[in-house]
1. What trypsin sites (Lys or Arg not before Pro) does the range 102-147 have in DSSP loop regions with at most 13 other beta carbons within 10 Å?
2. Per the helix-only calculation at 222 nm, which mean residue ellipticity applies to the chain, given -39500 (n - 2.57) for every DSSP H run of n ≥ 4 and division by its residues, nearest 500 deg cm²/dmol?
3. Can you list residues from other chains, or at least 5 along the same chain, whose modelled amide H is less than 5 Å from the amide H of His260?
4. Would you kindly calculate the mean projected area, averaged across all directions, of the convex hull enclosing the Cα atoms of the chain, in square nanometres?
5. Which whole-angstrom value gives the distance between the alpha carbon centres of the range 257-334 and the range 82-156?
6. In Å², and per residue, what accessible area does the chain have when probed at 1.4 Å with the other protein chains present?
7. Treating the range 1-61 as a set of equal point scatterers at the Cα positions, no solvent, please give the Debye-formula log₁₀ I(q)/I(0) at q = 0.12, 0.21 Å⁻¹.
8. Given a 10 angstrom Cα cut-off, can you work out which residue in Met319, Met396, Met160 is the most mobile in a GNM of the chain?
Amino acid sequence: MKKLLVIGYVWPEPNSSAAGSRMMQLLESFQAANYTITYASPAELSPHAEDLASYGIASNAIELNSESFDHYLAELTPDAVLFDRFMMEEQFGWRVEKVCPDALRILDTEDLHCLRHARHQAFKNKASLKDTLNVSQRLLFNDLAKREIASILRCDLSLMISQAEMTLLTQTFNVPEQIIHYVPFMRTSVKGAQDSSPLALTPFAERKHFISIGNFRHEPNWDAVRFLKEAIWPAIRQQLPEAELHIYGAYPPKKATQLHNEKQRFLVKGWAVNAFEVVSKARVLLAPLRFGAGLKGKLIDAAECGTPAVTTSIGAEGMYGNALPARISDDKDEFAKAAIELYSKEESWQSLHQECSLLIPERFELDLHQQRLIDRITLLENELEQERQNNFTGSMLRHHSMKSTQYMAQWIEAKNKLLPQPQK
């Protein structure tokens, strides 16, 4: 069997973030392509990290700026290396090319960090949501973009989660189409209303309250909670005084838990042991995201659970096609109005509830996207030399730009060797 080494920015936590779920989906896809997998990361292991061994995946801790990784790589001899976010490619890409030059180098971008950063800056500059969505080149062409686009060009293939981001790469940054591949969240479509999750069958009358969910370490999620508290929930509560808003998310900071107010029925619940369970019990999901990038896992979860959502144009970007199980508004008053209508009018709620079951098969079918990924990897394996020749810009960047990263890493490595070693 072929060997894949995944170099993770963090250890995957599928119950904490959509990024963790996506990583597990990618690992499953490579296993389906007959790869044995080793997951390595320089990050500290989290108590919420997935038990990779239960999936037949080996794991290993690695060090930054250390030749120990070179020895580890030489012993493992992977056929392919998957970098989890461009920062890992910057740190380890030159080492992979040096030790295993024939290994496929694949980048999973998660989402475009430069786009997320540019939109955050636009938001801080008090741009309208429309101008934040269609961020200016002045903000987009930032230093982060130069690093991230260079990383994409250096790799044999980059996995993109959003078609909107693929369009941005090809049309704005002139990235060749042949080195990027669309891999959204991959879910198993269901017959009817989610056979694998009976709670998703919960009818309108048996559901109650609103829900917002998202990892608090992700800045757009934290901003959405503050926006709900300050601008949206007061209007909803005025019309629906008995309704509650349940806020879920991993790693809530003190500033978030301090927003908890039972009198206002604004309840910060924190970690959700089972996100599908709490989303399935709610009547409406609220996601007033004002900046960010990529796809929003919470909106796919809501669709799987048959739970209509209200979100913004940024939240909806790349998410929906013909199936639209959400109301979309960038105006806080209209947002609140849509939420109130869905919560109080069963007919309106039911129309979106029915759309929920159509979203996965239309946009995120696991079998379809997994097979497309396997086919693309297979083609790359068979034509690697030619595909690398076709990407002259990438080879040029590997020749020049990675040298600074390499020399910096080697300087840090040499400096660390001169430091006094801890007593054993």
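1. Those that pass, being in a loop and sparsely packed, are Lys126.
2. Details: 19 runs with 201 residues, N = 424.
So the calculated ellipticity at 222 nm is -14000 deg cm²/dmol.
3. Distant-sequence amide H within range of His260: Val268.
4. Working: hull surface 88.2 nm².
About 22.1 nm², averaged over all directions.
5. The two parts, judged by their Cα centres, are 26 Å apart.
6. Details: 19420 Å² over 424 residues.
Ligands and nucleic acids excluded, the figure is 46 Å² per residue.
7. -0.25, -0.78
8. Met396
The values are calculated or read from the model by the stated rules, or taken from the named source; none is laboratory data. Keep in mind that this is a model prediction, so the values were computed, not measured. Don't worry about glycine lacking a Cβ; one is built from the backbone with ideal geometry, like all the others, and counts go over all protein chains shown. Please note that ligands, DNA and RNA were not included when accessible areas were found on the heavy atoms of the full protein model with its side chains. Shrake-Rupley method; radii C 1.70, N 1.55, O 1.52, S 1.80 Å.
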